[in-house]
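**Student:** Below is a structure I'd like to ask you about.
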Amino acid sequence: MWVGYPAWSPDERRLAVEIKDGTSTHAGVIDLATGALRRLTDEPGQTWVRSWSPDGTRIAVAMLRAGRWSLQWIDVATRRRGVMLPAGPANVYVRYPDWSRRGDLVVYERGERRGNVWTLPLRPRGGT
């Protein structure tokens, strides 16, 4: 297990972090006064921590479950979750949700994997 990708709380008393455990990544919070680490998610998948709500009660995360990405918030006191952006198609990913200081806007990255089909002419056998 390792801990990384810290994000300061607005009051600078806590850090939201990612906890890598096996093939899954979980959200956690470190209390800087005590050093205590509290895990906020338990189920398999990816939970990528990014930023805090301006009031310091929630963290914004990109979450991969069942092959689909969504943006969610997690209440750090109750572990309750809310959806900011529902899971999209399997070929779409979202990440890096960052709350505005006013709390009325979240900016994030969205990408889409696309395939292309190409043809490749081959030389006939024996040809040069």
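**Student:** Collect residues whose amide H, placed 1.01 Å from N in the peptide plane, falls under 5 Å from the amide H of LEU40; neighbours closer than 5 in sequence don't count.
**Tutor:** Excluding prolines and chain starts, which carry no amide H, the hits are ALA27, GLY28, VAL29.
**Student:** Right, something else. Would you pull out the residues with amide H under 5 Å of MET84's amide H, same chain only if 5 or more places away, H placed 1.01 Å from N?
**Tutor:** Amide H neighbours of MET84, under 5 Å, 5+ apart: LEU71, GLN72, TRP73.
**Student:** Still on this structure, I have one more. Please list, in order along segment 45-55, the HN-Hα scalar couplings obtained from phi with the Karplus expression 6.51 cos²θ - 1.76 cosθ + 1.60 (θ = phi - 60°), rounded to whole Hz, x for Gly and Pro.
**Tutor:** Rounded to whole hertz, the list is x, 10, 10, 9, 6, 9, 8, 9, 5, x, 7.
**Student:** Sticking with this one: Could you work out how much longer the chain between LEU105 and ALA77 gets when fully extended? Use 0.36 nm per residue separation minus the Cα distance between them, nm to one decimal. Can you show the working numbers first?
**Tutor:** Numbers: separation 28, 0.36 × 28 = 10.08 nm, distance 2.22 nm.
Full extension from LEU105 to ALA77 adds 7.9 nm.
**Student:** For segment 27-39, in order, what is each residue's ³J(HN,Hα) by Karplus, 6.51 cos²θ - 1.76 cosθ + 1.60 with θ = phi - 60°, in whole Hz (x at glycine and Pro)?
**Tutor:** So the Karplus estimates, Gly and Pro as x, are 8, x, 9, 9, 7, 6, 6, 10, x, 5, 9, 10, 7 Hz.
Every number here is computed from the coordinates shown, using simple stated rules; none is lab data. What you see is a predicted model; the values in this text were computed from it and never measured.
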